Amino acid sequence: MTASEAGKTPMLLLGAALLAAAVLSAIYFAAPVGAALAGSTAVYDAERLLLVYSSLPRATIALLGGAGLALSGAILQQVLRNPIASPETVGISAGARLALAISSAFFPSLLGFGRDLVAFAGAAISTGIVLLVSRRRQYSPLSLIITGLLVSMYCGALATVLVLVKDRYLVSLFIWGSGSLSQLSWQPTLDLTLRLGVASTVLALLVRPLSLMELGDDTARGLGVPVERMRVIAVALAVILAASVTSAVGMIGFVGLAGPAIARLSGARRFSTRLLYSAVFGALLLLITDLAVLIVAAESAAFLPTGAVTAILGSPLLLLLLPRLRGVVSGRLPGDGTMSTLEQRRTSERFLPCVVATVMLLTGLLLLVGRLPDGAWSLAHWASLEQVLSWRVPRLLCAAGAGGLLAMAGFVLQRVSANPMASPEVMGVSAGAILGVAVTSFLFPAMTSPLGIYGAAALGALIALLCVMAFAVRSSFTPERLLLAGIALTALVDAVIGLLTATGDPRAVMLLSWLSGSTNGASLSLGLIAIIAMVALSALALLGSRWLTILPMGVVTARSIGVPAVMAQSLYLLLVALVAAIATPIIGPLSFIGLVAPHFVHALGNFTAQQGLLLSAGVGAVTMAVADTLARTIAFPLQLPTGLMSMLVLGPFLVYLMARRVDYTDVGRGAGG
């Protein structure tokens, strides 16, 4: 591409965006503007009032919100030297939303000091956690996005629990939190204009030192730039920009990533130019998306979250940006060690009986623990034991069986993909199962029998897994690319589910129940199926334990030893899809037990593949049983979703895993199986 062609590219993209915005604006505003210009003799002109106080403020705040988020993303990408840093991927928006939810539920007086201050405090805390963890790896792209998304999902789980507990106060916040641009006056628009104007003025003063940071920290220091202080100031400014937008309109997904990405792809090289183009493209992108929603959805547009629609557009963008990544997250494959066969046998003899005894003891104890009608904690009495167990046993069996299944699947995925952060939840397999159920429920209602639902879940999980693996083939099975592909697919599926649930269809209630992982409607037959499936599929996975031992060494090494690598990988991926189809509808797609359990087992010591698989399944079963007990007791008489509760319990441990200083050098040194 010549210099003249490169210079024309931004203008061509800008012209196309402006044309699209103009066409959609003409379609949407033609009728109301025409009616307003024609004049009306009526004292109360409803169409004119809607135009002046709803439609025009909505379009204006879309432009402002898109520009603010894009500027925030451009700043973060510059100071962190990370092409996929954005308010969404570093946890800014999710932290702001959670802070507003907590304040609305427990400290409403804080909102009197200003929603923006509350949102900024939440965003600052969540962003600080992400940056502290990522700093140990020099803000590498993968560690930053993984930590940011984990913190975001943890904040989202907390906000969802608050909505369930305080539904009378927060149900509107839940809808708003998905990204709603609906306006009833010009005041929010004027407030956001003032805040973004002040922040933009400060940003203009920082353009030169931030531009010098492109030369590297040492060079920038040599030119007189206080790098550490400037990085803190710039991140704080990005947090203020994003928190202000989130406070005004809720979470708008991926605009902060898309605006700067389009600016980069259009050829903007200088930081000042990227800031300008990022703001313009971000503003036009959100306006175009919102106008399209208003035109297509018509009367239902008020209930359709624009933020979910932008997430649908942004997830494929994340996939397109993956080839630009250069950072690699550190990690160690659980279960790989250097113990001798004798040491492994002794470890097995020492730990496995302990695990079995612990499972039996905890199971018995958890079945007895409960709450009395007055809220006091108690153990079930002998006289009421039969009645109590008839309700608690099915729940516990479902939770334990599903947790064991996903933990076993996580261990298998981590071995097959040689990726220590792989799991059915992270790689999009669980989300694919939910999408399969959603599509079947909405498009093929005649197939919603139990068999049809589980068949749809299996098909959705398999398709999602194949999509991720197909992308991995193009990326030479690079672990970080494989992981991020799964995350992008999960975000896309979540956005689609959000749109379906926003329609108000009664079938959406079933989807929400599955997404949150509720065991309230568990039956004894379903619980027995989950336990039997856990035992049977674990035994099936053990048949190829030699494959699980050798596959982490690489395909070439595996073939040289006589292992049919491609066939082994395919069979185990089919097994993972089947596991996700059975377990995901029970405890939801975001329990993360499949990611945590193998790492917890690895922390206990080094094991063979057989031992690691069995221990992972046991740890997963016990963890989900504990989460289910907490779900039915901690907010009594309310029954919280088990999947969300497990996310709350495991979230801090996930962040700890990301903060560990380990590397891939030990992958493939596994002991013999």
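For (1) surrounded by 17 or more Cβ atoms within 10 Å (Cβ to Cβ); (2) at pLDDT 65 or above; (3) touching a Lys or Arg at 6+ places or on another chain (Cβ under 9 Å), each residue gets a yes or a no:
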| residue | (1), (2), (3) |
| --- | --- |
| Tyr139 | yes, yes, yes |
| Ser143 | yes, yes, yes |
| Ser152 | yes, yes, no |
| Gly156 | yes, yes, yes |
| Phe174 | yes, no, no |
| Leu181 | yes, yes, yes |
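If you check Val207, Val235, Val198, Val202, which single one turns out to be within 30 Å of Met153 (Cβ to Cβ) and part of a helix (DSSP H, G or I)?
Only one candidate qualifies: Val235.
Matching residues to (1) of a type in the set (Lys, Arg); (2) closer than 23 Å to Thr147 by Cα; (3) modelled with pLDDT under 75:
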site	(1), (2), (3)
Ala631	no, no, no
Ala635	no, no, yes
Leu654	no, yes, yes
Arg660	yes, yes, yes
Tyr664	no, yes, yes
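So which of Val468, Val412 ends up being part of a helix (DSSP H, G or I) and closer than 25 Å to Leu528 by Cβ? Quick ask: steps written out before the conclusion?
Numbers: Val468 fails: closer than 25 Å to Leu528 by Cβ.
When all the criteria are applied, what remains is Val412.
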Revision key, fill the gap. Among residues of region 183-230 being under 18 Å from Ser272 (Cβ atoms) and of a type in the set (D, E, K, R), the residue modelled with the highest pLDDT is Arg208
Exercise for review: Go through (1) under 19 Å from the mean Cα position of the chain (by Cα); (2) more than 25 Å from Val566 (Cα to Cα); (3) modelled with pLDDT of 85 or more one by one and return the number of the condition Leu406 breaks.
Suggested key: (2)
Practice item. Give region 372-398 a look and list any residue that's under 18 Å from Ala627 (Cβ atoms) and at pLDDT below 75, or say none. Key: Trp377
Check your understanding: So which residues in region 637-652 are surrounded by fewer than 16 Cβ atoms within 10 Å (Cβ to Cβ) and either in contact with a strand residue (DSSP E or B) (Cβ under 9 Å, 6 or more places away or on another chain) or within 14 Å of Thr147 (Cα to Cα) (or both), if there are any at all?
Key -> Pro637, Pro652
Practice item. Go through the residues of region 588-596 one by one and say whether even a single one is within 18 Å of Arg395 (Cα to Cα) and part of a helix (DSSP H, G or I). Key: yes
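The values are calculated or read from the model by the stated rules, or taken from the named source; none is laboratory data. Just so it is clear, the model here is predicted, and its values are computed rather than measured. All Cβ positions, even for glycine, are placed from backbone atoms using ideal geometry, and neighbour counts span all protein chains on display.
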